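The values are calculated or read from the model by the stated rules, or taken from the named source; none is laboratory data. Quick caveat, the model's predicted, so the values are computed rather than measured. Note that we place each Cβ from the backbone using ideal geometry, even for glycine, and neighbour counts take in every protein chain shown. Ligands, DNA and RNA are excluded from the accessible area calculation, which covers all protein heavy atoms including side chains. Shrake-Rupley method; radii C 1.70, N 1.55, O 1.52, S 1.80 Å.
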Amino acid sequence: MATPNTLQRRGLMFILSSPSGAGKTTISHKLLAGDTEICLSVSATTRPMRPGEVDGQDYHFVSHQEFDRMVANDEFYEWAQVFGHCYGTPKVQIRQGLKDGQDYLFDIDWQGTQQLYQKDQQDVVRVFLLPPSIEALQQRLTGRGTDTADVIAARMERARAEISHWDGYDYVVVNDEIEACYITVREILQAERMKRARQTGLIGFVRGLMR
Ligand code: 5GP
């Protein structure tokens, strides 16, 4: 018999955004490794594959023609140009997955977040990570010390531009310690799953209680 914790529920779209260097990738990996009910939404992109990336796992790497065809066929939930390349979230799978209670993690920028939210507010949870200080961010973006001052300055400029979109999110978490930040993000996910509107199995369960 169903207990309240195994009731049917609708999945959610969990968006994690941050300026690069604020820990988004680490937190994403930890979430995916530690929770079997959430999987990564794999975007399509026209960007060339980087060493170590796997087609179909990190991204669906597609040509410009294929991307344009997908846009024309309305196959994307949202798409955007980021740093000169096209990125988009394919609708296929996600629609059915949400109905089946599958949660999706989105590693997308603020433009994609806005579009997803406009299309489907009820399923979207938006989380933004901030660095603890501008010095800490600078340290992360300085990298291996091989980049020129100009390159680092450009990265900082981009990070500041990304930070300026913090107010388009439901939750904002300052990542001053990775484990604490991860636990907070996981708690947000857990609480959002328990929202009444997402617990589609509740009506039948409560009816049973009242019989
Ligand atoms: P990268 O090329 O470094 O993997 O990603 C570059 C940027 O594109 C990141 O900020 C990432 O969040 C964003 N991005 C990745 N996939 C998507 C997507 O499907 N839609 C949007 N709007 N942005 C994406």
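General observations
- Subset of region 154-175 [part of a helix (DSSP H, G or I), surrounded by 13 or more Cβ atoms within 10 Å (Cβ to Cβ) and among the acidic types (Asp, Glu)]: 162
- In region 66-102, residue farthest from the ligand (Cβ to nearest atom) [restricted to those that are under 20 Å from residue 15 (Cα atoms) and among the basic types (Lys, Arg)]: 99
- Any hit, region 51-62, residues being modelled with pLDDT of 95 or more, open to solvent by less than 20 Å² (accessible area, probe 1.4 Å) and of a type in the set (A, V, I, L, M): no
- Pair list, Cβ < 9 Å and 6+ apart or interchain, from region 183-211 residues that are on the phi < 0 side of the Ramachandran plot to residues that are among the β-branched types (Val, Ile, Thr) and surrounded by fewer than 11 Cβ atoms within 10 Å (Cβ to Cβ): 201/6; 205/3
- Flag if residue 127 is open to solvent by 60 Å² or more (accessible area, probe 1.4 Å), of a type in the set (Val, Ile, Thr) and over 29 Å from residue 65 (Cα atoms): no
- Exactly one residue out of 105, 31, 40, 116 is closer than 18 Å to residue 182 by Cβ and either within 9 Å of the ligand (Cβ to nearest atom) or open to solvent by 20 Å² or more (accessible area, probe 1.4 Å) (or both): that is 40.
- Matching option when the condition is within 23 Å of residue 47 (Cβ to Cβ) and aliphatic (A, V, I, L, M), among 125, 82: 82
- Residue pairs whose Cβ atoms lie under 7 Å apart, separated by 6 or more positions or on different chains, with the first residue in region 43-62 and away from the ligand (no atom under 12 Å from the Cβ) and the second small (Gly, Ala, Ser) and part of a loop (DSSP other than H, G, I, E, B), do not occur.
- Flag if residue 80 is farther than 30 Å from residue 200 by Cα and under 19 Å from the mean Cα position of the chain (by Cα): yes
- Whichever residue in region 1-27 is part of a helix (DSSP H, G or I) and near the ligand (Cβ under 10 Å from one of its atoms) and, among such residues, is most open to solvent (accessible area, probe 1.4 Å): 25
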